[in-house]
Amino acid sequence: MTTLPFPLADEPGDDAREAARKLFAGEVDFLKGVVGMQHLPPDDRVEVCFAGRSNVGKSSLINALTGRKGLARASNTPGRTQEINFFTLGAERYLVDLPGYGFANAPVAVVGKWQALLKQYLSGRANLRRAFVLIDHRHGVKAVDEEIMTLLDKSAVTFQVVVTKADKVKETERDKILNQIREKLSKHPAAYPEIVVTSSEKGWGLPTLRSIIAGLP
Ligand code: GTP
Ligand code: MG
């Protein structure tokens, strides 16, 4: 069997790192929370979104990237983010915090509604330049993640795996999970061929992810 390598993304050079640092240290604002496709803001700028299972660390990652602790709400309660939350990054980019999938501590009807919205958004947003699919380093890729990846394949939305909570995994265990992720990614044509490993808690991987976002044309 041949598996694609899916190497870790290179760390940015000094110039790219500094440009990205400046972008994220500049103007970042909450724009709006959206509960229906008709409420999406105009698709007039580069957009990236953060998708992943409930509790994987989407909101924490946005807070860590922007250095604003309370920007995206983060909590211990899975299913906390229930709307599609738009943030403006400078004048030319949107960062989008999505509701988690896979489990939500909420009534079934409500879950059904926001999962449907999530799928509509992921498959139908013209300016969505890249979807970051977050994978908990302790857990690897689960069946629900593969479902989302398949949806992104079908919609031809490039997605990149961002591994979260790396600080929670022993160094000796890390490669095993990374290889499980690589094996799963090799089946998805829309997968971007590099992985980013992060810890919002420790700040690992943040300059790399910032410069990926800043560098998207
Ligand atoms: P939903 O909105 O419910 O889908 O969750 P989410 O993916 O936005 O997760 P959130 O950022 O709310 O984080 C969930 C929990 O994980 C919180 O208790 C965070 O403090 C914790 N967490 C997030 N990132 C990290 C990390 O890098 N390291 C550690 N140790 N904990 C983290
Ligand atoms: Mg959240």
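The values are calculated or read from the model by the stated rules, or taken from the named source; none is laboratory data. All values reported here derive from a predicted model rather than from experimental measurement. Counting neighbours? That spans all protein chains shown, and the Cβs are built from the backbone with ideal geometry, glycine included. Surface accessibility is based on the protein's heavy atoms, side chains included, excluding ligands, DNA and RNA. Shrake-Rupley method; radii C 1.70, N 1.55, O 1.52, S 1.80 Å.
A few notes on this one:
- A residue that is free of Cβ contacts under 8 Å to residues at least 60 places away in the same chain, out of contact with any Cys (no Cβ under 9 Å at 6 or more places or on another chain) and not in a loop (DSSP other than H, G, I, E, B) cannot be found anywhere in the range 124-136.
- Residue pairs whose Cβ atoms lie under 8 Å apart, sitting 6 or more positions apart in sequence or on different chains, and linking a residue in the range 7-33 that is farther than 30 Å from Lys184 by Cβ to a partner that is open to solvent by 50 Å² or more (accessible area, probe 1.4 Å), are Ala25/Gly67; Glu27/Ala91; Val28/Arg68; Lys32/His39; Gly33/Glu83.
- Within the range 170-192, being away from ligand 1 (no atom under 16 Å from the Cβ) and loosely packed, with under 14 Cβ neighbours inside 10 Å holds for Thr172, Asp175, Lys176, Asn179, Lys187, Pro189.
- Residue selected from the range 193-217 under the condition assigned to a loop (DSSP other than H, G, I, E, B) and under 17 Å from Ser59 (Cα atoms), by the criterion least open to solvent (accessible area, probe 1.4 Å): Thr198
- Total residues in the range 160-169, condition open to solvent by 30 Å² or more (accessible area, probe 1.4 Å) and within 21 Å of Leu122 (Cβ to Cβ): 0
- Residue tally, condition of a type in the set (A, V, I, L, M) and more than 18 Å from Leu122 (Cβ to Cβ), over the range 82-96: 2
- Some residue of the range 167-185 being part of a loop (DSSP other than H, G, I, E, B) and under 17 Å from the mean Cα position of the chain (by Cα): no
- Of the set (1) in a helix (DSSP H, G or I); (2) open to solvent by less than 60 Å² (accessible area, probe 1.4 Å), all apply to Lys154 but (2).
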